[in-house]
Structure formats: structure tokens, C-alpha cells
Amino acid sequence: MKATKQQKQQIHILTKNDKSLKEDLVQFATGDRNKTSTNDLNFDQANQVIEKLGGSAHEYENWAKFDRNKKSHMQILSICRTLRWTKTHPIYGTVVDLQVLSEFIKGKKSPVKKPLLKMDKNEVSKIIVALEGIVETEFKK
């Protein structure tokens with residue numbers, strides 16, 4: 001997952017817009033001399049830079065936490081598998097990548113912008129319809 005806008009802003013503030021310092025820290029965190037922008041950082045690397053500068057690490061707010069006893073939530077996970085929004089887990093094998101789902105829910109294309117567990121039935125159904133639309137678009141290609 002990429003660094004958030006808030007993380008990038010905090011890095012710029014903590015480096016007092018010292019471009020050279022920021023570039024050095026990005027190279028340090030990524031381990032790549034060719035990367036010099038905060039846009040090159042992932043979430044964890046940005047936290048590493050922030051902590052190195054004396055700031056407080058950001059916590060990831062996962063909006064994709066779900067209730068496995070709700071059929072609608074399980075339907076969302078099924079659609080995510082269809083979309084191949086998955087990752088490999090050392091114990092459970094291939095699982096839905098909840099960060100990808102969370103970022104979708106937070107993003108521009110989501111019809112409801114709040115955590116899945118705080119949505120009512122109508123809002124969850126809007127998410128399902130939106131995800132099904134993505135499936136249709138993806139498989140028409």
C-alpha cells in the first residue's frame with residue numbers, strides 16, 4: 001500500500017522542506033538510490049521516515065474489517081476473489097487483500113465512504129453493486 005497523503009505531508013513538514021534531506025531519507029527507506037520522492041514510499045517506509053525524523057507513525061485505518069456471519073460481507077469477499085484482490089498468507093494460503101478493499105471503500109469510486117462494519121444493509125448492497133460493476137468491466141476486456 002502506498003504512503004498516504006497525510007504521511008507525505010508530515011514528511012515535508014518534518015524535513016522543513018529540505019529537499020536533499022527528504023531525498024536521502026527516501027533512498028534510505030526504499031533502499032534504492034533512484035527513488036527520491038515521497039511518492040516512491042509505501043505506507044511502512046513512510047512511517048519509518050517519520051519515526052526517524054522524530055514524528056509519530058501513522059496507523060492504518062482498515063475499513064474492510066468484516067463480520068463473517070453476515071452473508072453480504074461474505075459476498076463482498078467472494079467478489080474480491082473474483083477481482084483477484086488477493087494475497088498469499090503463510091497459513092491460510094490465498095486470502096482477500098483487505099487493504100485493497102479498504103482503499104476501494106475509501107476511494108473515489110466507492111458509493112459509500114465509511115467502514116464496512118458501520119454500514120447498514122442498504123449501504124452494503126451499494127458496495128456490492130459497485131464491485132459487481134467492476135467485475136463486469138474487468139471481464140469485458
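About the centre of its Cα atoms, region 32-141 shows a dipole size close to 360 debye [charges on the beta carbon of Lys, Arg (+1) and Asp, Glu (-1) only; nearest 20 debye].
Under 5 Å from the amide H of Lys2 lie the amide H atoms of Phe43, each residue being 5 or more positions distant or on a separate chain, with H modelled from the backbone and absent for Pro and chain starts. Measuring nothing but how far apart in sequence close Cα pairs (under 8 Å, 6+ apart) lie, relative to its length, region 5-52 scores a relative contact order of 40 percent.
Net charge around Lys70, counting only other residues with Cβ within less than 14 Å of its Cβ (Lys, Arg = +1; Asp, Glu = -1)? Can you show the working numbers first?
Working: positive: Lys65, Arg68, Lys71, Lys118, Lys121; negative: Asp67, Asp120, Glu123.
Net charge in that neighbourhood comes out at +2.
Taking other Cβ within 10 Å of each residue's Cβ, how do His73, His89 sort, fewest first? Neighbour counts put them in this order, fewest first: His89, His73.
Amide hydrogen proximity for Thr86: with H placed 1.01 Å from N in the peptide plane, the residues at 5 or more positions away or on another chain lying under 5 Å are Asp97.
Residues of region 63-84 with an amide N closer than 17 Å to a point placed 7 Å from the Cα of Ser125 along the Cα-to-Cβ direction: 70-76. Straight-line cross-link reach from Lys106 at under 18 Å between alpha-carbon atoms covers these aspartates and glutamates, not counting any fewer than eight positions away in the same chain: Glu59, Glu61, Asp97, Asp120, Glu123, Glu132. Farthest towards the positive end of the charge dipole of the chain, among the residues Thr137, Asn34, Leu14, is the Cα of Thr137, using unit charges on the Cβ of Lys, Arg, Asp and Glu. Straight-line cross-link reach from Lys22 at under 20 Å between alpha-carbon atoms covers these lysines, not counting any fewer than eight positions away in the same chain: Lys2, Lys5, Lys8, Lys35, Lys52. Relative contact order for region 1-122: 21 percent, from Cα pairs under 8 Å spaced at least 6 residues apart, divided by residue count.
A full extension of the chain between Val135 and His58 corresponds to an added length of 24.5 nm, given 0.36 nm per residue minus the alpha carbon distance.
No value in this document is a laboratory result; all are computed from the given coordinates. What you are looking at is a predicted structure, and each value in this text was computed from that prediction instead of being measured. FYI the Cβ positions are ideal-geometry reconstructions off the backbone, even for glycines, and counts take in every protein chain you see.
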